[in-house]
Structure formats: structure tokens, C-alpha cells
1. Points 7 angstrom from Cα along the Cβ direction at Cys17 and Glu41: gap in nanometres?
2. Which of (i) 0.98; (ii) 0.94; (iii) 1.15 is the computed Rg/Rh (Cα atoms, Kirkwood Rh) for the structure on display?
3. Please count, across the chain, the pairs of lysine residues with Cα atoms under 14 Å apart that sit 8 or more places apart or on different chains.
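Only the coordinates and a few stated rules stand behind these numbers; no lab work does. Values in this document were obtained by computation on a predicted structure and should not be read as measured data. So basically every Cβ, Gly included, is an ideal-geometry build from the backbone, and we count neighbours across all protein chains shown.
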Amino acid sequence: MDVRKDDILEMKKPHPCGNKQFLVLRSGMDFKLRCVKCGHEIMIPRVKAEKNIKKIIRENNNDEL
């Protein structure tokens, strides 16, 4: 799955604050995500995160290689 820094992930399950959108701060073996609503930062293994992703929202549509 192609997840990049600054993407917004919409997850299947909400954060305890009620929001389902998370900003990607770092991607690799683990993802560092920030809740868009409350700002709480979490580290989550890539495998677990990829199972819970519903949609990837990208701000800019241009692909940089």
C-alpha cells in the first residue's frame, strides 16, 4: 500500500475522541500518526495500520518520484 508523509488516512475504527482521520507523520515499518481532531500522536505497526485503512486522502495530486 502506498502511504506517504502528509497523507490523511481515514480508518475503519475511530480514535477515542470520535475522529476517524489521521495525518501521516512518518511511514516505514511503523507509522507515526496524528489524530486530526485532538492532535494525539501514536505509533502503530504497518501491518496493523494497513488492515484498518478505509481511504487515503492526498492533498496534492502531483506524484513526485
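1. Once both label points are built, they end up 1.4 nm from each other.
2. So the calculated entry is the one marked (ii).
3. Close lysine pairs found across the chain: 14.
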